[in-house]
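We did not get these values from a lab; they are worked out from the coordinates using the rules stated. Just so we're clear, the structure is a prediction, and the values are computed from it rather than from any experiment. Quick reminder, even Gly has a Cβ in these numbers, built from the backbone with ideal geometry, and neighbours come from all protein chains shown.
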C-alpha cells in the first residue's frame, strides 16, 4: 500500500472543513431546485477519508462509492433514476453512480465530463463551487434525457451527507 496515500487519509481534515454547513445547505438547495426540471433524483455524499478496511484491503474508491449508493438507498426511487455524486477528499476523487434507469438513457461518457468540470474547480480548492457545477451539469443532462414523466410526484431531495 502507498504510504503517502495512507497518511493523506489518516490525517485528512474533516469534510466539514471543505463543506461547512452553509455550503451543504446551498448544495441541498441546488439539488432541490434542479430536480423540478427532470425525473432524476440526485444525492451528494462527501467523505474526508476512506474507512480503514478499504485502505488496508486496497479496494478502489469506486467500490466505496457503490457501497455509499446502496447505504443511502439512492436506488430506491420509483423509476430507478437516482444519481449519487460522491467526493472523496483524501484522494481528490469524484465518482458519479447512476442507477439503471439513468444508465439506460444517458450516453456513456457523460459522467466523466461532469467529473472533469468538478475536478477543475477542486484543483483550486473551490469545493462548493465544484459540486455546484457538477450538480448543475447533472441537472442539465437529466433534463435532456429524463424529462419529468406523467404522474411524477414532487419528492424531497436525497440527503446531503458528510460521512
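The angle between the Cα long axis of helix 21-34 and the main principal axis of the chain comes to about 30°, on a 0 to 90 degree scale. Over the stretch 66-161, the fraction of Cα-Cα pairs per 10 Å bin, rounded to whole percents and listed from the shortest bin up, is 15, 48, 32, 5, 0. The stretch 30-51 and the stretch 75-144 have Cα centres lying 8 Å from one another.
For Rg/Rh (Cα atoms, Kirkwood Rh), the value calculated from this model appears in (i) 0.95; (ii) 0.97; (iii) 1.04 under label (ii). Of all beta bridges that DSSP places with both ends in the chain, some 40 percent have antiparallel geometry.
Over the stretch 3-148, calculate the relative contact order: mean separation of alpha carbon pairs under 8 Å at least 6 apart, over the residue count, as a percent.
That works out to 29 percent.
Rounded to the nearest 500, the 222 nm mean residue ellipticity of the chain from helices alone is -14500 deg cm²/dmol, with -39,500 (n - 2.57) taken per DSSP H run of at least 4 residues. Angle of helix 127-145 to the longest C-alpha principal axis of the chain, folded into 0 to 90 degrees and rounded to 10: 30°.
How far, in degrees from 0 to 90, does helix 110-123 lean away from the longest principal axis of the Cα atoms of the chain, to the nearest 10? For 110-123 against the chain, the angle is about 50 degrees.
Spin-label pair residue 76-residue 104: with each label point 7 Å from Cα along the Cα-Cβ axis, the two points sit 2.2 nm from one another.
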